[in-house]
Each structure stands twice: as C-alpha cells, then as structure tokens.
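Have a look at the structure below before the remarks.
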Amino acid sequence: MAIRTTTLTPEQKDRIRRLNWFNEARFGMFIHWGLYSILGRHEWVMNRERIPVEEYEPLADQFKPKPFPARAWAKLAREAGMKYMVMTTKHHEGFCHFNSELTDYCAPKRAAGRDLVAEYVEAARAEGLRVGFYYSMMDWHHPDGARCKKDEKARRRFVDYIHGQVRELCTNYGKVDIMWYDVSWPLDAAGWESAKMNAMVRKLQPDIIINDRSQIPEDFSTPEQHVTASPEGRAWESCMTMNDSWGYHAADNNWKTPRQTVGYLVQAAAGGGNLLFNIGPKADGSIPSESVKVLRAVGAWMAKHGEAIYNSDRAHLEWLPVGQFSVKGHTAYFHAFNYPGSEIAIGGIVNKVVSARWLDTGEPVQFDQKANRLILKGLPEKTPDLIAPVIALECKGTPRQVLGAGCVVLK
Ligand code: GLC
C-alpha cells in the first residue's frame, strides 16, 4: 500500500512496518477447535445448553486427536492461497490447547497428552504460513471468570491468570505473528489491564500485530460475518464462518459456495482488507469434507487470479451489474461474476486505459474507449472461468471512476 510516511510518528511508522505482510496477505484461515468439537453442536454449546462445568470438563478426557492434524489444515490453507492461520488456543469454554503452568485444563495434561499449539505452529511454519493465536479472554471454566466483575480479589486472580497465559503463548512458541483476542466480557479495558497486557505482548514479540478485541483499537479491526472496510489508513480483517458455526456443527449444512467465498475475498481486497475464513475441524482434527471442497475450488481460482488479490490497494471504483473491481497500482482488475459473453460495457472510468488482458493467460482483450464508456469486445460467449474470469485493465494513473450525470472528457 502506498502510504506517505513523512509526517508519521515513530509509532505509526512501526505499525506500518509490522502490518506490511498482513496487508499483502489478504487471505487467512481461522480454525475453531476445542472440546465442543466432540459434541458437534457449535462452539457456544456449553453456554447455550447450560451444561455445567462438572459435566463439560470430562470432555477433556475424551479429546484425543489423531497425530498432527494441523499438517492437513496448513497444507489446505496454502493450497487455497491463504497466507496465514489463526487458531483458537483457548475458546470461551476455557480448555487450552497449549501447555499451561497455570491450569490442568489443557491438552498436554489431559487425554491428548501433547501440546496442540506447538503442533499447529510447526505445521503452519512448514507450509510457509504466518502464525496467529486466537485467545478468548472470557472464560466459562475459570471459577473467577464471571465473579471477577464484582469481586476485586477474584478480578486480581483472573487477570493474573489471563496475563500469565498470554505470556506463555508469547514465550513458548517462537515468533508469533498475530495476537487475536476475543470476547472481553465481563470487564472493561481498565479491569482487564489491557494496556499493560499488550505492552507485555509487544515486549516479548516486537513484530506482532494485535487485534482490537481487548477493548483497545491496537493494530487492526475485526468486522465479523460481514465485509466492511474500516476508514482509510486503518488495517482490517473480516472473519467469516464457512457455514453458520465457528466450531464443528454436525447438523449445520449451510455452506458458502466457492463463488460466494471469492466474492467476499474480492470485496475484502477492494476495500484494502483481509478475509479470515474459518474451518471447524472435528474432534479428531479432520476437516469437514465440504470445507475441503470449497477451499480447493477457491485455491484453483486463486492460483490463476491471485495477482488481483494479494497486496491490493483500496479501490475507488464502483460496483457494476456484471462484476466488481479490485485495484493494485495503476491496474484495475475486473472480476466478471455475472459474465455476459461477447461484450462487457464499463461506465465512468476516468483514466485512459492503456491495455487490457485476461489475467490467467495474459492474452490481450480488445477494447474501445470513448469518453466515459469502455467496451471490452470479442469475448468468448461462454465464461472462461466458472467462478469469475478476471480482466486486468492497465490504466494511466490510479484507476478512478465517475458515474454522475454527463460525460467526463478524457485527457
Ligand atoms: C464471536 C463468538 C465466537 C467466535 C468469534 C470469532 O465472538 O463468540 O464464538 O469465536 O466470534 O470472531
């Protein structure tokens, strides 16, 4: 992203430096995995079905995943064109996948008998992916997790526990690229001592980026289940489920299609943001086959069209009935989701178009540009790509579009 750095403070410059890879990445994999995966009824099952801790906790003695499931997650993520992963190290249920000295409610000390965060980190690194840790501050298992709001001694113990675990995560696994906090119920930022916690994180991991869910904005925003750009200059990442649950849900079959997924990805890229797309592995660590299918299809599209997504700039271009733009430098990428065949008419491009080509083959596309109408011509009747073929338009200057009344005179 071309950001003028001359008038920035050292803190702002450092943030841009730390966010550099993130702004290039555009596509990541979210993984929700926990004891709830055994029940297969959504990651909120403990809360929504009012399952008491005494009944829920023994699930930890059944949670025994097959060897190294994270290798298959990481391989699939790479094949899908994703550049990073974010795994639930502890979700609201309180069970930790990592080895914690602060609790026995963790994978290495229960049936699994091993550190599943360590496996995840190793697998992600082996595929060349960046590593993020999701960590829920809200905790339904810890005895102080709710009463900390009204009882100062409980708050002290609970905040020490949370900070202590965040310290473990930032100390025991080498370089961590993202700290992805979630739900900070029931305290406020002062109660959580979030500023102190994040200062510790930065001391331990000077290159890390931190999300906005510890009640401090930090490095990036996290719109959930919708793709909405943050104000310009602010990094953001939309997180989204592939069906309607984050954790494995055996009966939830409302899967997004590859086309919808690419649509969200293009929308994120066009807004200068990322898409963090979720899988909910089963208790043994295997990925639901529907998720594999979707991600493979998206990966095939990305292999041909990734140039239009990675390191994209914020596009100052409008939606069109036929498709949508993403932009990088002086190139506008037109994603023809509703491919009409033979001709595509694009209104309002203010720049002179220097060349047009199919992004996958590099073959030139014929075009006419008269005033504010650009006509792409001689196109095949049938769509060259079942999700969305992409035509790259090289423009003079940063692509801009004006769709008000009247014609814009080209210079
Ligand atoms: C919500 C949900 C949680 C999920 C998260 C992902 O906060 O409580 O289950 O992990 O969103 O962003």
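Taken together, the values in this text are just the output of simple stated rules run on the coordinates, not laboratory data. Source: prediction; values computed, not measured. Heads up, the Cβs are rebuilt from the backbone with ideal geometry, glycines too, and the neighbour counts pull from every protein chain shown.
Some notes on this structure:
- Ignoring lysines fewer than eight residues from residue 382 along the same chain, the ones with Cα atoms less than 20 angstrom from its Cα are 304.
- From phi via Karplus (6.51, -1.76, 1.60), per-residue ³J(HN,Hα) for the range 324-340 in Hz, x at Gly/Pro: 9, 9, 10, 9, 9, x, 9, 9, 9, 9, 9, 9, 8, 5, 10, 4, x
- Between the range 319-385 and the range 128-169, the Cα center-to-center distance that results, in Å: 51
- Residue-wise HN-Hα coupling along the range 376-388, computed from phi with Karplus coefficients 6.51, -1.76, 1.60 (Hz; x: Gly, Pro): 8, 10, x, 7, x, 5, 9, 4, x, 8, 5, 8, 6
- Cross-link partners of residue 282 among lysines (Cα-Cα below 27 Å; sequence separation of 8 or more within a chain): 64, 66, 75, 83, 90, 109, 256, 293
- Between 64, 328, 149, the GNM of the chain built on Cα springs shorter than 10 angstrom shows 149 fluctuating the most.
- Among beta bridges identified by DSSP and lying wholly in the chain, the antiparallel ones come to about 50 percent.
- Kirkwood hydrodynamic radius of the chain, from the reciprocal of the average inverse Cα-Cα distance over all distinct pairs: 22.8 Å.
- Neighbourhood net charge (9 Å Cβ-Cβ; Lys/Arg +1, Asp/Glu -1) for residue 353: +1
- With q set to 0.11, 0.15, 0.21, 0.22 Å⁻¹, the log10 of I(q)/I(0) for the range 13-123, from the Debye formula over equal scatterers at the Cα positions, is -0.43, -0.73, -1.12, -1.18.
- Sparse-neighbourhood loop sites, chymotrypsin sites (Phe, Trp or Tyr not before Pro) in the range 92-124 - DSSP loop, at most 16 other Cβ within 10 angstrom: none
- Tail weight of P(r) past 12 Å, computed on alpha-carbon pairs of the range 17-59, percent: 69
- Here, the range 324-395 yields an orientationally averaged convex hull projection of 4.3 nm² when only Cα atoms define the hull.
- GNM flexibility winner over the chain from 191, 273, 263 (Cα, springs under 10 Å): 191
- Normalised by residue count, the range 276-411 yields a Cα convex hull volume of 120 Å³ per residue.
- When you filter the GluC sites (Glu not before Pro) in the range 300-403 for DSSP loop state and at most 12 other Cβ atoms inside 10 Å of their Cβ, you are left with 381.
- Averaging Cα coordinates gives a centre for the range 181-258 and one for the range 269-312; these two points are 18 Å apart.
- Calculated FRET value between residue 160 and residue 381, using beta carbons and R₀ = 51 Å, to 0.05: 0.15
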